[in-house]
Amino acid sequence: MRSLFSIALVLVVVSMITVEASMKKKEKGKEPKADAECSEWQYGKCVPNSGDCGNGIREATCNEQTKKTKCKVPCNWKKDFGADCKYKFGRWAECDTTTGTRSRSGTLKKALFNAECQTTIKVSKPCTPKTPKPKGGEKKKGKGKEN
């Protein structure tokens, strides 16, 4: 009878420890959910950690709450209209000989993080100089068949 009582007591203690450990795990993983309380987060621009592109931090605010999230500014992205505004662009126009540039326009496809984006934008770049193609009668340099 004593051994049965001892075994029962050990089982009760082990189950209490198990329940207490699982409660602590739940509490540890349970942080106050600020997102659930706030539905209108206002996101700032992604600020690179160094330079003008690469990994960075974006700050978001809602009521009196503030949170920071990781973000990335692509290094080849056009800084004029921001990394949070995605546009669909048309074809490049012919080269304007007076300015030496060609341009194209884009319409807003998606605004990330509630960014303030222009609905249409126009971008330009320098015209690339055309390289002359070798004429049919000219000989190419290098090794080849000799007659």
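The values are calculated or read from the model by the stated rules, or taken from the named source; none is laboratory data. Small disclaimer: the values here were computed from a predicted structure and weren't measured. Cβ coordinates were reconstructed from backbone atoms using ideal geometry, including for glycine residues, and neighbour counts include every protein chain displayed.
Of note:
- Only one of the listed residues (52, 84) is of a type in the set (Asp, Glu), exposed (fewer than 13 other Cβ atoms within 10 Å of the Cβ) and at pLDDT below 85. That residue is 52.
- Any hit, the stretch 23-32, residues being touching a Phe, Trp or Tyr at 6+ places or on another chain (Cβ under 9 Å) and either at pLDDT 70 or above or exposed (fewer than 10 other Cβ atoms within 10 Å of the Cβ) (or both): no
- Qualifying residue in the stretch 125-146 (condition: hydroxyl-bearing (Ser, Thr, Tyr) and at pLDDT 90 or above): no
- Long-range neighbours under 8 Å by Cβ, at least six apart or interchain, first residue under 23 Å from residue 40 (Cβ atoms) within the stretch 100-129, second outside any strand (DSSP E or B) and at pLDDT 90 or above: 108/119
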